Amino acid sequence: ISVRLPDDSVRELQDGSTGADLAGGIGPRLLEASLAVKIDGQMKDLNTPLADGVQVSLVTSKDPDSLDVIRHSTAHLLAQAVKRLFPDARVGIGPVIEDGFYYDFQVEKFFTPEDLLTIEAEMRKVVEEGHLVMREELSRDGAVERFRAMEEQLKVELVSDIPADQIISGYRQGDFYDLCRGPHVPNTNKLKAFKLLHV
């Protein structure tokens, strides 16, 4: 396949190549720095297969568009840490907002400022563990079944509202799985700086 880069140069790649393959072919430092890929202007995971003739740009932390990907991925990092520390917590939604991100949890006992410090420390452990972040597509019924098995009733309710013919995506990183459109960073070790501010 042939793909066009932002400088209008063309790169030839094997069929089925991904944004990561493109970055690695240009150089190991670019592969290490890449967080996502823009394909015909749409932000996608770095491991998304590229099609012949697409316009491609690799997204690093220097790109202003990387901030949403980093924040969204850090929200998942927060949820993974919470589930490890508070296994009975039920996961709601975790969107990016103008100045960061948040995550809703259903818990028996509200989190305290001390809990935030503990959660942050657990988030740093997950970063150090360096989990691959993998996208998975499911049917709506398959997603409902998955979240029922996980006893994540809030997710079951969210998924049940999606039309039956839609494909649903989820992301796995280590022992954590969540419903999400993405895109996300390719590995938790890409998330370098974060601070939990309030409940």
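The values are calculated or read from the model by the stated rules, or taken from the named source; none is laboratory data. What you see is a predicted model; the values in this text were computed from it and never measured. Methodologically, a virtual Cβ is constructed for each residue, glycine included, from the backbone with ideal geometry; neighbour enumeration extends over all protein chains shown. Remember, those area values only see protein heavy atoms, side chains included, never the ligands or the DNA or RNA. Shrake-Rupley method; radii C 1.70, N 1.55, O 1.52, S 1.80 Å.
Quick look at the numbers
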quantity	calculated
15 Å beta-carbon shell around Y177, net charge (K/R +1, D/E -1)	+2
Accessible surface of the chain [probe 1.4 Å, protein heavy atoms]: carbon and sulfur percent	51
CD proxy at 222 nm, helix term only [per DSSP H run n ≥ 4: -39500 (n - 2.57); per residue of the chain; nearest 500]	-10500 deg cm²/dmol
At most 10 other Cβ within 10 Å, DSSP loop - chymotrypsin sites (Phe, Trp or Tyr not before Pro), region 104-154	F110
Count of Lys pairs (Cα-Cα under 15 Å; at least 8 positions apart or interchain) in the chain	9
Around E151: net Lys/Arg minus Asp/Glu count, Cβ-Cβ under 12 Å	+3
D65 accessible area, 1.4 Å probe, all protein chains in place, Å² to nearest 10	70
Region 57-147: trypsin sites (Lys or Arg not before Pro) in DSSP coil with no more than 10 other Cβ atoms inside 10 Å	K62, K109
Gain upon complete extension [E12, S160; 0.36 nm per residue less C-alpha separation]	49.0 nm
Size of electric dipole in the chain: Cβ of Lys, Arg +1 and of Asp, Glu -1, about Cα centre, debye, nearest 20	380
Along the chain, longest interval not containing exposed GluC sites (Glu not before Pro), exposed being DSSP loop plus at most 15 other Cβ atoms within 10 Å	1-97
For region 1-115, alpha-carbon Rg and Dmax in angstrom	18.2, 56
Nearest 10 degrees, 0 to 90: helix 140-149 Cα axis against the chain principal axis	40
Probe 1.4 Å, protein heavy atoms only - accessible area per residue of region 144-192 in square angstrom	53
